[in-house]
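Notes follow the structure.
The values are calculated or read from the model by the stated rules, or taken from the named source; none is laboratory data. Predicted model, so just to flag it, every value in this text is computed and none were measured. Here the Cβ is made from the backbone with ideal geometry for all residues, glycine too, and neighbour counts use every protein chain on show.
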Ligand SMILES: Cc1cc2nc3c(=O)[nH]c(=O)nc-3n(C[C@H](O)[C@H](O)[C@H](O)COP(=O)(O)OP(=O)(O)OC[C@H]3O[C@@H](n4cnc5c(N)ncnc54)[C@H](O)[C@@H]3O)c2cc1C
């Protein structure tokens, strides 16, 4: 065998599977690129809106309560599947397990230059570029001082950059207007300012925020932009200023320090849509973790070669057209869902690497347009988005009769069925938990 374990996919789920297996085994990751982890806001949603399907519980204000409701009401959710392996009171043990795995991950990410802050109980409320806000559990430290719950009664200001967004001219004023309109009127003042970097001799052609963040990796450039931001804010009355997430990507640690040295905790990043710098920062930090744990990375598109009830090899096609087979004792499928190509619709829905059946709830989905799984309300629990591979409690994919398809294949992350991160807010939380566990199961056999 070339490897003990091969993990397919290197988002959060695949990386956690790989580094957990690599503690004792020889591991490779095969990946064709980046997926949802790199596109995400980088903020960890562990569990949010919960309750019986279609009837969300109101008033759940703690993470433990939210996880407990998932365990109680959502038997097919990956959290519930994993919790059935616990021997004691799963309503206490599972949240502690989430905390243990999360604390370990955040400490590993900190060594790679990304500090996560938040709480295992209460939520942080971070504004986004739509002028609304996101309830989340952990975010990068460049965002946390912008937790709106701590800023009530203060004067806040949003900073925009001309030409950095399709709606660049109005973006900062739009955010402040929306926040004023939607119930967050309890700020003393909500202001905005738009900075045109060209007025300061900095060329800026149709930047989006992520490109601007990339230019900030150059320390000298970042110093100039910081000075311009400071100059603009000096003429305003504010107690906290929100910038788009532009504080660098690969050099984030240093750029954040420059801003903190200059502004203390009175400036933070707000959340912007994909592609956003914090998601890419997270993905790059995961890449560094793979390297530190000695995991080999094979770039290419994987296709499965299952024989009988075991997988021995996969074929990998690289971008330059080369094809190779590579073998392992165990495999972890962490290929994501629609956006990263883990679940595809080519006439019928199926899982892309091994052709595994995909499910909505307990039913296999073959219909390319399954009826009744999308409703008119975008905030409703859209069943289509919970589509994915179904597994046993050890995360091994099963068929419609509940039989394990390949005894040495495990699945993790958003390729799984049974949860809808948009609705239940367990996106990176599920990738983290199932990834770590799939890595451990793949070694234990
Ligand atoms: C736009 C967006 C914003 C989001 N925002 C948030 C958020 O703010 N907070 C939150 O908690 N969650 C968020 N989520 C959800 C969260 O990002 C995902 O649930 C999580 O990142 C999934 O991680 P993953 O490792 O399972 O998959 P991915 O990160 O998608 O990784 C899949 C990997 O598999 C690889 N791959 C796929 N097919 C193959 C193949 N055939 N061969 C080789 N490699 C392959 C891909 O290249 C990639 O490396 C967001 C999702 C999206 C799409």
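What the table below lists for this structure:
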{"item": "Selection within the stretch 1-36 - assigned to a strand (DSSP E or B), more than 6 Å from the ligand (Cβ to nearest atom) and either at positive phi or surrounded by 24 or more Cβ atoms within 10 Å (Cβ to Cβ) (or both)", "result": "5, 6, 7, 27, 29"}
{"item": "Tabulated pairs, the stretch 76-96, first part of a loop (DSSP other than H, G, I, E, B), second surrounded by fewer than 16 Cβ atoms within 10 Å (Cβ to Cβ), C-beta under 9 angstrom, 6+ apart or interchain", "result": "76/361; 76/362; 84/75; 84/393; 85/393; 86/93; 87/93"}
{"item": "Which numbered condition residue 345 misses (of (1) more than 14 Å from the ligand (Cβ to nearest atom); (2) in a loop (DSSP other than H, G, I, E, B))", "result": "(2)"}
{"item": "Residue in the stretch 369-382 that is without any contact (Cβ under 8 Å) to a residue 40 or more places away in the chain, more than 22 Å from residue 12 (Cα to Cα) and in contact with a strand residue (DSSP E or B) (Cβ under 8 Å, 6 or more places away or on another chain) present", "result": "yes"}
{"item": "Residues of the stretch 97-125 satisfying the condition of being in a loop (DSSP other than H, G, I, E, B) and at negative phi", "result": "112, 114, 115, 119, 120, 121, 122, 123"}
{"item": "Set 409, 416, 428, 395: member being buried (at least 24 other Cβ atoms within 10 Å of the Cβ) and out of contact with any helix residue (DSSP H, G or I) (no Cβ under 8 Å at 6 or more places or on another chain)", "result": "409"}
{"item": "Any hit, the stretch 290-297, residues being surrounded by fewer than 18 Cβ atoms within 10 Å (Cβ to Cβ) and under 30 Å from residue 240 (Cα atoms)", "result": "no"}
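Table: residues versus (1) at pLDDT below 95; (2) more than 20 Å from residue 80 (Cα to Cα); (3) outside the structural domain of residue 11 (by TED's automatic domain parsing).
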residue	(1), (2), (3)
352	no, yes, no
378	yes, yes, no
381	yes, no, no
394	no, no, no
403	no, no, no
